[in-house]
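Working notes, beginning with the structure itself.
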Amino acid sequence: MIKLQSLLLERIDYLDTAKQLVKKYKLKSKVKFGKGENYGDYDWHKDIIYLDRSYPTMKEFFITVLHEIHHAKQRQKLGAKKYEKRYNQAGTVAQNQGKDFYDDNKYETRAENWAQDEYRRLFKQGELK
């Protein structure tokens, strides 16, 4: 016999959770669901974070949101045009070295490392569960 409790699962509101994280970092970026091959994307022209509709784990979700928040913080710090220019320069340098524009871009690497560190810090402090 199956227990009723085992059938009930808590449902996470990804959009609301991501919006709360964006507010925590004092950003005004909008958060929307989008389509794409990645779990998340950041549109620095419109200052919008696009998220996937589902994630394999909550950890993956938080790291994705934090990654995109780092991009938004960099855009806020440098300005949209300067950030785009530097991001594209870093990607071009990676391509010229025979590497991938996106995966070997130093801005992507920094954002991923920051997201991992920030996730660990927030989880340790008990802000993320």
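The values are calculated or read from the model by the stated rules, or taken from the named source; none is laboratory data. Predicted model, so just to flag it, every value in this text is computed and none were measured. No Cβ is skipped: glycine too gets one built from the backbone with ideal geometry, and neighbour counts run over all protein chains shown. For accessibility, only protein heavy atoms count, side chains too; no ligands or nucleic acids. Shrake-Rupley method; radii C 1.70, N 1.55, O 1.52, S 1.80 Å.
Heavy atoms of the protein chains alone define the surface here; on that basis the stretch 78-129 has 69 Å² accessible area per residue at 1.4 Å probe size.
Taking Lys and Arg as +1 and Asp and Glu as -1, the other residues whose beta-carbon sits under 12 Å from that of Q95 total -2. Multiplying the residue separation of D16 and Q97 by 0.36 nm and subtracting their alpha-carbon distance yields 25.1 nm. Taking the square roots of five times each eigenvalue of the Cα gyration tensor of the chain, the equivalent ellipsoid has semi-axes of 30, 16, 14 Å, listed largest first. Leaving out ligands, DNA and RNA, and with a 1.4 Å probe, what % of the accessible surface on the chain is carbon or sulfur? Carbon-and-sulfur percentage of accessible area, whole number: 49. Ranked from largest to smallest solvent-accessible area, with a 1.4 Å probe on the protein heavy atoms, F62, F33 come out as F33, F62.
Among the trypsin sites (Lys or Arg not before Pro) in the stretch 34-119, those placed in a DSSP loop whose Cβ has at most 12 other Cβ atoms within 10 Å are K35, K46, R53. Compared with the dominant Cα axis of the chain, that is its longest principal axis, helix 106-125 is turned about 30°.
With both labels modelled 7 Å from their Cα along Cα-to-Cβ, the E60 to K32 distance reads 2.4 nm.
Among the listed pairs K73/K99; K82/K124; K46/K106; K26/K99; K19/K99; K81/K124, those whose Cα-Cα separation exceeds 32 Å are K82/K124; K26/K99; K19/K99; K81/K124. Estimated from helices alone, the mean residue ellipticity of the chain at 222 nm is -18500 deg cm²/dmol (sum of -39500 (n - 2.57) over DSSP H runs with n ≥ 4, per residue). Taking the C-alpha atoms only, the angle from helix 58-78 to the longest principal axis of the chain is near 30 degrees.
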